[in-house]
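A.B. asks: Right, I'll just put the structure down here and ask away after.
The values are calculated or read from the model by the stated rules, or taken from the named source; none is laboratory data. Since we're looking at a predicted model, the values are computed, not measured. In this analysis, Cβ positions are derived from the backbone assuming ideal geometry, glycine residues included, and neighbour counts consider all displayed protein chains. Just the protein is used for accessible areas: all its heavy atoms, side chains included, with ligands, DNA and RNA removed. Shrake-Rupley method; radii C 1.70, N 1.55, O 1.52, S 1.80 Å.
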Amino acid sequence: QVQVVESGGGLVQPGGSLRLSCAASGTDLSIRQMGWYRQAPGKQRELAAVITSGGSTNYADSVKGRFAISRDNAKNTVYLQMNSLKPEDTSVYYCYVRNYIRDYWGQGTQVTVSS
């Protein structure tokens with residue numbers, strides 16, 4: 001079983017920055033991929049950023065150039081550095097961890113961008 005715990009959400013003004021963290025723990029992690037999805041009120045969950053075990057990354061067009069995903073393999077932790085935040089980035093951000101069996105999800109962390 002894999003546990004996924006996110007942290008780092010909060011309220012920030014437009015143009016500000018936040019860093020989200022997500023730590024995975026458990027046995028036989030064998031993590032292939034980690035990433036972040038987000039879901040705004042009334043909208044479908046969408047991919048924000050993903051990083052593979054080899055370090056390849058992919059971003060939603062809406063966050064390219066503003067968000068940066070990174071990973072500490074030794075700590076089984078993934079980070080999402082979010083800069084130049086906009087009100088439309090307001091969402092619940094969910095971390096996921098993919099191993100060779102299935103995806104595991106965190107509980108989500110709220111990010112609110114508002115003046």
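A.B. asks: Can you list residue pairs whose Cβ atoms sit under 7 Å apart, with the first residue in the stretch 104-115 being touching a residue at least 24 places away in the same chain (Cβ under 8 Å) and the second being among the basic types (Lys, Arg) and open to solvent by 40 Å² or more (accessible area, probe 1.4 Å)? Count only pairs 6 or more apart in sequence or on different chains.
C.D. replies: Listed pairs, sorted by first residue: Val113/Lys86.
A.B. asks: Working only within the stretch 46-84, note down all residues that are β-branched (Val, Ile, Thr) and buried (at least 17 other Cβ atoms within 10 Å of the Cβ). Lay out the reasoning, then the answer.
C.D. replies: Residues of the stretch 46-84 that are β-branched (Val, Ile, Thr), as a first pass: 50-52, 57, 63, 69, 77-78.
Those that are β-branched (Val, Ile, Thr) and buried (at least 17 other Cβ atoms within 10 Å of the Cβ): Val50, Ile51, Val63, Ile69, Thr77, Val78.
A.B. asks: Would you confirm whether any residue within the stretch 17-37 is among the charged types (D, E, K, R), over 11 Å from the mean Cα position of the chain (by Cα), on the phi < 0 side of the Ramachandran plot and open to solvent by 50 Å² or more (accessible area, probe 1.4 Å)?
C.D. replies: Here is the first cut: in the stretch 17-37, the residues among the charged types (D, E, K, R) are 19, 28, 32.
Now restrict to residues that are over 11 Å from the mean Cα position of the chain (by Cα): 28, 32.
Okay, now just the ones that are also on the phi < 0 side of the Ramachandran plot, so 32.
Filter again for open to solvent by 50 Å² or more (accessible area, probe 1.4 Å), leaving 32.
Yes - at least one qualifying residue is present in the stretch 17-37.
A.B. asks: Continuing with the same structure: Of the numbered conditions (1) in contact with a strand residue (DSSP E or B) (Cβ under 6 Å, 6 or more places away or on another chain); (2) free of Cβ contacts under 8 Å to residues at least 24 places away in the same chain, Gly42 satisfies every one except a single condition; which is it?
C.D. replies: (1)
A.B. asks: Can you name the number of the only condition in (1) touching a Ser or Thr at 6+ places or on another chain (Cβ under 9 Å); (2) surrounded by 14 or more Cβ atoms within 10 Å (Cβ to Cβ) that Tyr96 fails?
C.D. replies: (1)
A.B. asks: With respect to Arg66, is the statement that it is touching an Asp or Glu at 6+ places or on another chain (Cβ under 9 Å) and of a type in the set (Lys, Arg) true? Don't jump to the end; show me each part of the working.
C.D. replies: Numbers: touching an Asp or Glu at 6+ places or on another chain (Cβ under 9 Å): yes; of a type in the set (Lys, Arg): yes.
Criteria met by Arg66.
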